[in-house]
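Peer 1: One structure is given below, represented as structure tokens, and several questions about it will come after.
The values are calculated or read from the model by the stated rules, or taken from the named source; none is laboratory data. Predicted model only: the values in this text are computed from it and were never measured. In this analysis, Cβ positions are derived from the backbone assuming ideal geometry, glycine residues included, and neighbour counts consider all displayed protein chains. Side chains included, ligands, DNA and RNA excluded: accessible areas come from the protein's heavy atoms. Shrake-Rupley method; radii C 1.70, N 1.55, O 1.52, S 1.80 Å.
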There are 4 protein chains.
Amino acid sequence: MPGHATIKHDNAVRLRRIEGQIRGLQRMVDEDQYCIDILTQVSAATSALRSFSLSLLEEHLAHCVAEATLKGGPEAKAKVKEASDAIARLVRS
Amino acid sequence: MPGHATIKHDNAVRLRRIEGQIRGLQRMVDEDQYCIDILTQVSAATSALRSFSLSLLEEHLAHCVAEATLKGGPEAKAKVKEASDAIARLVRS
Amino acid sequence: MPGHATIKHDNAVRLRRIEGQIRGLQRMVDEDQYCIDILTQVSAATSALRSFSLSLLEEHLAHCVAEATLKGGPEAKAKVKEASDAIARLVRS
Amino acid sequence: MPGHATIKHDNAVRLRRIEGQIRGLQRMVDEDQYCIDILTQVSAATSALRSFSLSLLEEHLAHCVAEATLKGGPEAKAKVKEASDAIARLVRS
């Protein structure tokens with residue numbers, strides 16, 4: 001399993017790339033590029049955000065939720081509920 | 001927490017309701033109803049499937065994944081990976 | 001372009017198949033099958049509903065919206081607004 | 001109906017706001033903020049991208065697709081197909 005520093009670095013790189021996609025969109029709008037090409041680029045940025053959130057979520061389940069489960073008690077149930085709510089927001093966004 | 005029999009009964013009820021929505025769609029298509037009304041009903045059925053999958057997933061995290069975490073070992077990691085993959089399929093469906 | 005009868009038949013076939021998937025889900029729940037397998041089947045049914053709605057929408061744009069555009073006037077704008085709202089509901093469902 | 005300059009300005013403002021959300025995410029990752037809070041912010045940015053794409057699409061249907069429909073011929077059908085494909089990418093992203 002990769003360590004915290006590696007994951008943090010990867011997440012930073014992913015987000016910088018997504019920021020680049022959003023700036024690319026600004027250029028496309030500014031240059032009056034064709035709507036469909038802009039929409040294709042929006043779909044790409046949305047997919048990249050999705051992938052980012054899915055890897056973040058996997059990390060969260062593997063660490064925070066697993067640790068809470070090992071400690072047990074109401075905290076464990078609360079963590080599962082919290083993760084499930086985050087998944088629901090993700091699915092509906 | 002509701003027991004297994006209650007959850008199973010609720011899931012069966014939800015799915016029968018969704019089956020009813022799909023049959024309703026068949027009637028709408030058969031009666032040549034207006035496309036937009038059919039699309040609204042498709043969105044409702046999709047939302048119902050989403051809610052069903054989200055509650056199934058929450059159950060899975062609270063039970064199967066939590067149990068695997070308590071046992072520990074490679075099985076625990078495998079369960080988190082499996083759940084994450086299911087979430088990814090859900091988000092992209 | 002396929003005629004109305006062909007499209008109607010195809011739509012009916014698609015929906016019967018989706019109804020079959022929902023019944024399959026009921027069986028899986030009834031037989032206490034593994035959550036992840038049920039979730040995979042839910043994702044498949046959701047994808048099938050998505051495809052159905054996308055082809056319905058394409059038909060709608062090609063016929064109802066195009067006809068309204070040719071007639072012109074406020075009706076034309078209303079049809080585009082109505083279709084856009086349906087797309088928004090679809091995307092968020 | 002708002003004119004081209006107004007829409008272009010609004011689109012630019014929306015994208016700058018989304019860029020701000022992505023930079024906010026970078027800060028959150030850099031400061032090791034809680035995963036669930038980061039996920040909530042990802043959902044917000046995804047929703048903002050969705051809204052942007054939906055308004056872009058409505059514009060496209062109201063102008064480019066409507067103009068092609070009025071001209072008629074194969075170009076009209078091609079525009080509907082192209083828009084439908086963009087909607088499909090959007091729905092699946």
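Peer 1: Can you pull out every residue in region A:6-29 that is more than 7 Å from chain D (Cβ to nearest Cβ) and either within 23 Å of residue D:64 (Cα to Cα) or open to solvent by less than 10 Å² (accessible area, probe 1.4 Å) (or both)?
Peer 2: The answer is A:24, A:27, A:28.
Peer 1: Residues of region D:25-73 being acidic (Asp, Glu) and either closer than 18 Å to residue A:90 by Cβ or in contact with an Asp or Glu (Cβ under 6 Å, 6 or more places away or on another chain) (or both), which ones?
Peer 2: Step one: list which residues in region D:25-73 are acidic (Asp, Glu), which gives D:30-32, D:37, D:58-59, D:67.
Across region D:25-73, the qualifying residue is only D:37.
Peer 1: So if I check each of B:93, B:84, which one is open to solvent by less than 40 Å² (accessible area, probe 1.4 Å), closer than 28 Å to residue C:58 by Cα, within 10 Å of chain A (Cβ to nearest Cβ) and without any contact (Cβ under 8 Å) to a residue 24 or more places away in the chain? Give the steps one after another, and end with the answer.
Peer 2: On the way: B:84 fails: closer than 28 Å to residue C:58 by Cα.
The conditions single out B:93.
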